[in-house]
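Notes follow the structure.
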Amino acid sequence: MDADPDPEPADDDELDAPPAPLTPRQLALHVGLFVVTCGTTWWAGGPAFAATLMGILFCHEMGHYLAARRFGLDVSLPYFIPLPPQFSLGTLGAIIRMRRPIRDRDQLLIVGAAGPIAGLVVAIPALIVGLSLSEVGPIYPGSTLEGTSILYGALKLTIFKRWLPHGTEDVQLHQMAYAAWYGLLVTMINLVPIGQLDGGHVMRAWLGERHERLSRVFHWALLAVGAVTGTVMFVHASILGTGPLDALLYAVSGVLPWMVWAIALAVMRKLAGGEYHPEVFGPPLSPGRRRLAIAMVVVFLLLFVPVPLRGAL
């Protein structure tokens with residue numbers, strides 16, 4: 001997540017106060033969490049994986065931070081979240097804490113879009129280099145297959161001259177390529193146009209109060225995507241001769257991510273007092289700003305992955 005979902009309320013004097021200075025103790029906490037997260041991601045995937053993933057996450061978060069500080073907003077440095085690789089790929093990402101919500105449309109749009117843009121500036125070149133270091137090989141039953149978005153599939157097609165996976169072959173990802181793919185997945189998740197995710201910030205700035213109503217629709221749509229994905233996976237596995245129980249377990253891998261994200265957004269909404277996103281003020285976005293918002297929607301569609309990870313049948 002990229003923002004505190006329940007910033008403390010501010011009175012009129014606080015709204016005009018300059019950003020609070022960073023104390024040595026706070027700086028040590030931020031640096032310490034970053035170093036520990038570097039260690040857990042190294043543990044999860046090796047040095048090239050850790051360097052690539054942490055580079056993407058660092059640039060993503062600093063994109064938000066620098067954009068917020070440009071507007072004089074009181075925002076913290078990123079708090080990176082380390083996690084043992086037994087539970088994840090070494091991290092749950094990072095959060096940035098803001099003392100109060102961003103109420104200005106233009107500021108909200110720029111701060112929300114700056115993170116994904118900065119992360120992609122690192123992730124896409126890293127993916128291209130990582131894929132060039134990877135090889136095409138056989139898919140073994142039980143191995144894990146990463147989801148293919150339009151952008152990811154197009155890059156594989158460009159480098160390997162065919163759409164992969166194809167038949168019983170797929171790319172055997174180098175550490176750098178896998179970290180870059182994961183960075184694209186994290187960016188896609190953040191660009192989901194709901195609540196206080198980056199995509200929610202962009203859409204709220206663009207659509208104003210209409211976004212609160214649309215967030216309810218999009219929220220239910222997450223569960224619908226999970227249900228459709230799971231059904232398709234179950235039918236596909238059954239056609240290939242997989243037993244009912246194994247086919248069901250296979251389908252769960254498609255349903256579970258969407259269910260988890262829907263629950264996480266529901267929790268964020270509850271913590272925010274029952275609303276998806278605080279209201280914003282100011283005139284509608286200029287044509288140039290609207291083009292930026294539309295571009296972020298296009299990026300989300302290019303990165304969209306129905307099934308992030310699945311086992312090979």
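Just one of the listed residues (Met268, Met296) is at pLDDT below 95 and within 16 Å of the chain's Cα centre (by Cα), and it is Met268. Kindly list, by first and then second residue, each pair from a residue in the range 40-66 that is on the phi > 0 side of the Ramachandran plot and touching a residue at least 60 places away in the same chain (Cβ under 8 Å) to a residue that is part of a helix (DSSP H, G or I) and crowded, with 18+ Cβ neighbours inside 10 Å, limited to pairs with Cβ atoms under 7 Å and residues at least 6 apart or on different chains. Note: pairs meeting the criteria are Gly46/Gln175. Residue under question is Gly311, and the condition is that it be touching a helix residue (DSSP H, G or I) at 6+ places or on another chain (Cβ under 7 Å), among the small types (Gly, Ala, Ser) and either crowded, with 18+ Cβ neighbours inside 10 Å or closer than 18 Å to Pro116 by Cβ (or both); does it hold? Judged against the criteria, Gly311 is not a match. State which residue is surrounded by the fewest Cβ atoms within 10 Å (Cβ to Cβ) when the search covers only the range 118-129 and only residues that are touching a His at 6+ places or on another chain (Cβ under 9 Å) and touching a residue at least 60 places away in the same chain (Cβ under 8 Å). For the range 118-129, the residue satisfying everything is Val122. Residues that are modelled with pLDDT under 65 number at least 3 in the following helices (runs of 4 or more DSSP H) confined to the range 1-73: 12-15. Taking the range 267-313 as the range and being on the phi > 0 side of the Ramachandran plot and either among the β-branched types (Val, Ile, Thr) or in contact (Cβ under 8 Å) with a residue 60 or more places away in the chain (or both) as the test, the residues that pass are Gly273, Gly282. Test Met233 against the stated conditions and say whether it is touching a strand residue (DSSP E or B) at 6+ places or on another chain (Cβ under 9 Å) and farther than 24 Å from Leu265 by Cα. Here the answer is yes, as Met233 does meet what is asked.
The values are calculated or read from the model by the stated rules, or taken from the named source; none is laboratory data. All values reported here derive from a predicted model rather than from experimental measurement. Backbone-built Cβ (ideal geometry, glycine too); neighbour counts: all protein chains shown.
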